[in-house]
Protein chains: 2
Amino acid sequence: MKATIYDVAKEAGVSIATVSNAINGKGKISKKRREEIFKIMERLQYQPSVIASALTGKKTFTLGLLIPDISNPFFAEIARAIEDEAHQSGYSVIICSTDNKDERVERYIALLESKSVDGIIIGTGIDNMDILSQLQSRSVPLAMIAREASSLAVDTVVADDFVGGVLAAEHLVSLGHKRLAVLSENLKVSSSRERIRGFRQGLADVGVSFDDNSIVICEYKVEEGKRGALELLQRGGERPTAIFCCNDLLAIGAIQAAKEAGVRVPEDLSIVGFDDTILATVTDPPLTTVAQPMEHMGKLVFKLILGHLQNKDSIRQRIVLRPELTIRQSTSHVAGEA
Amino acid sequence: MKATIYDVAKEAGVSIATVSNAINGKGKISKKRREEIFKIMERLQYQPSVIASALTGKKTFTLGLLIPDISNPFFAEIARAIEDEAHQSGYSVIICSTDNKDERVERYIALLESKSVDGIIIGTGIDNMDILSQLQSRSVPLAMIAREASSLAVDTVVADDFVGGVLAAEHLVSLGHKRLAVLSENLKVSSSRERIRGFRQGLADVGVSFDDNSIVICEYKVEEGKRGALELLQRGGERPTAIFCCNDLLAIGAIQAAKEAGVRVPEDLSIVGFDDTILATVTDPPLTTVAQPMEHMGKLVFKLILGHLQNKDSIRQRIVLRPELTIRQSTSHVAGEA
């Protein structure tokens, strides 16, 4: 592990503030002590650039993280990655679960500003984008994760939802599926729209047709996925042989619906999810799903906001990470084609 | 929802600091403005006691929360409850994932102290208890959740692990099970020891014998639970008809092992878990498990530490919450007794 300011302080038997003062030539610290600390920094190969430059300002070394719900595994895994990366640089992270409600977003932002956090990472849905532009006008450093705010100049890390949809389509087509359906969150959510757009494109590229009536919209909940999938399975006419679900929770609901309807997964129905949280590994069958690189996304968004803190004039970036398909056991060849 | 200082500030069109100053008779604020704020407080039925008393000191309104891993659903659900309760009182929570490593615990504590947090809630395992006694000697307010430190005078909220074990035993015995086994975490963990002690007691109370060889120890991981359960299922002699698993992850592993070994759950093997996180609802079959009241535990531990912050001389409490058995579909009558 890379040496941190904590290691230097521990080795020198001083506080991290003293190490910081030594680096910045501030505070009451003897020349001898300072040189000792520098020797330890050298020996431990400690790179002080980040901490040193930050400590010279009146920073609080604290960031706010606004997400819909820390008890949602997707956001818990993102939060863990941000926390780890932040801790390496001496930052800590205040968790703010918004339930995607603007009222809660506004309250949390007021709280974070009253604590003079150095910046805010935003992974929550916000209806009223004015909230963010007001934050920017007050010069609060921002970064977005897993959410877009294209109207704002703000550092952003997202997975390529469009490509994720394409990957799901290609996988299902390669298994011979031609009667396809989609379970999606509300289409107000830009990531869902992109996933479906990619899915359509993947089908169109190989000449497989797709009917808009095969999209069922659900809330972001297992029970809703179950309801939506039952609707698809119980319609008259030919049943779909595969369902692409825009997140893992909906896919879990679809597996439950298939069980209830006496439809075997994957023999009679293939199911693909999106996210690849811990949930995807515990379902039966384990879920084939489009994996978002959650750990990488979390680490990157911290690096972006840190860059912003170090240089206000840095050019804003939008980093789009490529998802990968994780094939488990919820997908198989269309019956008769195995 | 109860009115908070934010509501008063918003209604009055002032900052929360101004509301606080009005309450405490501090700062530059006209008599007229102060009276207006008091009227709004009255109208909104805002009870300022908590915030007001806290704001008079040099508080940071920030707490640290040390847990093994925010991406573990049990701790994510606890963290969400603490966050919600804290937010109601104007506090925010810094998340610290320790991986149960003392080195990380010490680093995080140094970081939290450098930020002058008002208190630290501890839900992580710590090998070297001196870390906590040193914290106490520096007068940092502490509270424990889901962990015990009986050598220290510290506010504590735990579920009654012993009773949880009894409930699991009673349930299985009522279904006719007599050949029972246990999958447990390392017995260094006090909660695991208590769960097993309760399970034994529940069996002894009704004269069902239990052999120590039927306990398999695993790490806290799904794969480990699977390995342990396979060991139990592949032993010579009579196979157990039921396994009590000391947490949901191990129970998920046991379900996977049964599937691999061609043993049907629950027809041939009943499985009981412990915790009742979101994972218990997505397994197949859904998991019968001892439910810890996670939300209630999180809310209570915040109230305890807040009480401590308001009155340093308050008597320390250890609150033990009764768990409940949530019966789903992973348990059934012994074959032939249905």
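The values are calculated or read from the model by the stated rules, or taken from the named source; none is laboratory data. These numbers come from a predicted model, not from an experiment. Cβ placement follows ideal geometry from the backbone for every residue including glycine, while neighbour counts extend to all protein chains displayed.
Quick notes
- Test result for B:Val282, under 30 Å from B:Arg80 (Cβ atoms), in contact (Cβ under 8 Å) with a residue 24 or more places away in the chain and crowded, with 23+ Cβ neighbours inside 10 Å: no
- A single member of A:Ala79, A:Ala86 is within 12 Å of A:Val301 (Cβ to Cβ) and within 7 Å of another protein chain (Cβ to nearest Cβ), and it is A:Ala79.
- Qualifying residue in segment B:137-156 (condition: among the charged types (D, E, K, R), within 14 Å of chain A (Cβ to nearest Cβ) and closer than 28 Å to B:Leu300 by Cα): yes
- Boolean, B:Gly164 is within 17 Å of B:Pro68 (Cα to Cα), in contact (Cβ under 8 Å) with a residue 60 or more places away in the chain and not hydrophobic (A, V, I, L, M, F, W, C): no
- Selection over segment B:303-331 of residues that are in a helix (DSSP H, G or I) and either of a type in the set (Lys, Arg) or surrounded by 14 or more Cβ atoms within 10 Å (Cβ to Cβ) (or both) gives a count of 7.
- Output for segment A:104-126, where each listed residue is facing another protein chain (nearest Cβ under 10 Å) and either part of a helix (DSSP H, G or I) or modelled with pLDDT of 90 or more (or both): A:Arg104, A:Glu106, A:Arg107, A:Tyr108, A:Ala110, A:Leu111, A:Leu112, A:Glu113, A:Ser114, A:Val117
- Selection of segment A:84-99 for residues being more than 23 Å from A:Ala110 (Cβ to Cβ) and out of contact with any helix residue (DSSP H, G or I) (no Cβ under 6 Å at 6 or more places or on another chain) yields A:Asp84, A:His87, A:Gln88.
- Yes/no for B:Val290 being part of a strand (DSSP E or B), away from every other protein chain (no Cβ under 14 Å), modelled with pLDDT of 95 or more and in contact with a Ser or Thr (Cβ under 7 Å, 6 or more places away or on another chain): no
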